[in-house]
Structure formats: C-alpha cells, structure tokens
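Here's the structure, in structure tokens; my notes come after.
The values are calculated or read from the model by the stated rules, or taken from the named source; none is laboratory data. Computed from a prediction, not measured in an experiment: that's the story for all the values here. Heads up, the Cβs are rebuilt from the backbone with ideal geometry, glycines too, and the neighbour counts pull from every protein chain shown.
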Amino acid sequence: MHAPAAIVDTQPARVQACHRPRRGARPCRGLLLLRLTELRYAALVASLVSKLRNLAALSPADRRVVVEAAGALPAMALSLHVVRMTSLFARLDRLADRVTTRVPPADPVPLIRRTRGLVALAARRGFYRGNCLSRSATLWWLLRRQGIRTDVRIGVRKEDGDLVAHAWVERDGMILNDRADTVRRYIPFAETLTR
C-alpha cells in the first residue's frame, strides 16, 4: 500500500518540472512525445472525419459499394494468400451465380466505370490499399455480383533479372482498371483466372 503512494507523490513533481523548463534548458522529452502523440491523434481524427464526409456525400448505392469494396480488399488479399488463385476464383464464381439476382444492363459501361471508380476510392481512402491483384479481384467480384462478366488477367515481365507480375481486369479485351501503356509492358498469360 505504501509503494503506490510514493509513486503517485513523485510523478506530479516530475510532470511539473517537464511543464516548466528552466530558461535555456531543452524541453522534457516526455512532453515532446506527448505533444507528438496528440498531434498524430488529431491528424487521425481529422482524416477520419474527412473520409466520413466523403462517404456521406455519395449516394446510398455508391456508399454500399465503397463499404463492400473496403471490406473485400483485405478479404481478397487474405484469401489469395490462403487459397490457390484458380480455386478462389472458381469458388467465388460459383457463389456469384447463387447470389447474383441482377440482370446485367444493356449497356454495362457506365456501371463498370462507376464501380471501378468506387473500388479505387475504397483503396485510396480505406484502411487497406491492397495490391494490383487484390484490387483487381475486388473489382471482378463486385462486377460479377452485378451480373457483369469480366476476366482477371495476369502478366509478367523481367525487370533487373527479376520476374515481376501485374494483374488487371478486362472485359471483351478492354482494360478496365489500369492504363493500356502500363499493361502493355507485361506479357499476359494465355489463360485468365476467371474462366
């Protein structure tokens, strides 16, 4: 019982000393760390508020897609580490056949563009950015659930003696979530992951 009282008695004097440095003395390191922590917390809260405002500005349907994408990005990344890619896409394709109730629109291009932008927003502003494969898998899954069939492509190239891979989504030969000049640098595999 006496030990905690001694600790309590000495701390206020130490804190006061930190708050009132002598003239010309360096500020207490603990106070600097506390201030940095407060600034980081304030920046985190401001960032979160900004993200919530951006999300609130979207339509309810778009908000739902962003939230789904934000959840699907880490789930896809984890699944791709645990399950073989071809097996994962085959399972997701079968699941999409069961849960998709939408008939694809006659002109799916506006829906594809909107979904692509919302997945990019979720990757940019969400809590998990993901890599090209998890972002492509997420876009493929969300489009598949909306009744739009696409393909996930993987290409490779040699860079400084290393083999580098990249993933993107295509529909009828049109690249959906990447730039053509980026994709052109990779040699795509003949088989797609999703057929």
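Filtering the stretch 172-193 to residues that are at pLDDT below 90 and within 22 Å of the chain's Cα centre (by Cα) leaves only L193.
If you filter the stretch 129-157 down to residues that are within 16 Å of D178 (Cα to Cα) and in contact with a Lys or Arg (Cβ under 7 Å, 6 or more places away or on another chain), you find that the one that is surrounded by the most Cβ atoms within 10 Å (Cβ to Cβ) is L139.
Under the condition of being of a type in the set (K, R), surrounded by 12 or more Cβ atoms within 10 Å (Cβ to Cβ) and more than 15 Å from the chain's Cα centre (by Cα), the residues counted in the stretch 73-128 number 2. Scanning the stretch 90-126 for residues that are within 12 Å of V66 (Cα to Cα) and outside any helix (DSSP H, G or I) yields one hit, G126.
Evaluate the stretch 145-165: report whether one residue or more is in a strand (DSSP E or B) and within 28 Å of A57 (Cβ to Cβ). Checked the stretch 145-165: no residue is in a strand (DSSP E or B) and within 28 Å of A57 (Cβ to Cβ).
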